[in-house]
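The values are calculated or read from the model by the stated rules, or taken from the named source; none is laboratory data. Computed from a prediction, not measured in an experiment: that's the story for all the values here. Note that we place each Cβ from the backbone using ideal geometry, even for glycine, and neighbour counts take in every protein chain shown. Remember, those area values only see protein heavy atoms, side chains included, never the ligands or the DNA or RNA. Shrake-Rupley method; radii C 1.70, N 1.55, O 1.52, S 1.80 Å.
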Amino acid sequence: MTDKDKTAINEAIAKRVYTFRKQYGMSLDELAKNAEISKGMLVQIEKGRANPSIGILCKLANALAVSVADIVAVSDDPKVTIRQPQDIPTLWNGDHGGAARLLAGSKGTIMIELWRWSMFPKEQFVSEAHSKGTIELIHVEEGCLDVLVNEETYTLSAGDSMTAEMDVAHTYQNSTNEPVHFTMTVYEKSR
């Protein structure tokens, strides 16, 4: 992802977070408190100067009772949305070239997202706990993925699938010397 792409995504996020916050009549202090992020971080996000992590986007979406897709505008039409590859946002970049792309997502208070992840050797993504009742479905297309949940490691090989409640901190990592590619569906209800 180029710096220009990151800037465009951050500006779109800034506009939408500000718009949702105003729509719900929330002050900066109130949204920061409800999202459990610092007011300074929220100010930077609304100015388009921050590159919020997936975890922060999830917290903001939950506090605003919208989906991450609403914030990054993956879904425009409530009935049918088609996205071309160049319009799909990358919301995580690994140290060695890995990426997480939000392929599609629902709008509103029930969030359903479809992600495509690529992780290169020795990359990992650490996630904070999602809201109570959040479920993730993971399917490994190629390679081997370690998923750490509740201090237990689950190793998924190509063709394996997993369903897990992710209302606890969790980690995805590639402990091998080969790339891993997997899809993930996330189901979460906003507050």
- Can you spot a residue in the range 97-115 that is among the charged types (D, E, K, R) and open to solvent by less than 60 Å² (accessible area, probe 1.4 Å)? yes
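Every residue in the range 130-164 that is charged (D, E, K, R) and at pLDDT 95 or above, please. Don't jump to the end; show me each part of the working.
Start the filter on the range 130-164 by keeping residues that are charged (D, E, K, R), which leaves 132, 136, 141-142, 146, 151-152, 160.
Hits for the range 130-164 are Glu136, Glu141, Glu142, Asp146, Glu152, Asp160.
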- Query: Among the strands (runs of 3 or more DSSP E) confined wholly to the range 128-191, which include 3 or more residues that are surrounded by 14 or more Cβ atoms within 10 Å (Cβ to Cβ), out of contact with any helix residue (DSSP H, G or I) (no Cβ under 7 Å at 6 or more places or on another chain) and of a type outside the set (Phe, Trp, Tyr)?
  - Reply: 135-142, 144-149, 161-165, 180-189
- Item | Top-ranked residue in the range 1-37 [being small (Gly, Ala, Ser) and in contact with a helix residue (DSSP H, G or I) (Cβ under 6 Å, 6 or more places away or on another chain); ranked as farthest from Gly98 (Cα to Cα)] | Ala32
- Just one of Ile71, Ile88, Ile37, Ile82 is of a type in the set (Val, Ile, Thr) and out of contact with any Leu (no Cβ under 9 Å at 6 or more places or on another chain); which is it? Ile82
- Message: I need a count of the residues in the range 1-60 that are basic (Lys, Arg), under 24 Å from Met166 (Cα atoms) and more than 15 Å from the chain's Cα centre (by Cα).
- Response: 1
- The listed residue being among the hydroxyl-bearing types (Ser, Thr, Tyr), touching a Phe, Trp or Tyr at 6+ places or on another chain (Cβ under 9 Å) and open to solvent by 20 Å² or more (accessible area, probe 1.4 Å), out of Ser38, Ser53: Ser53
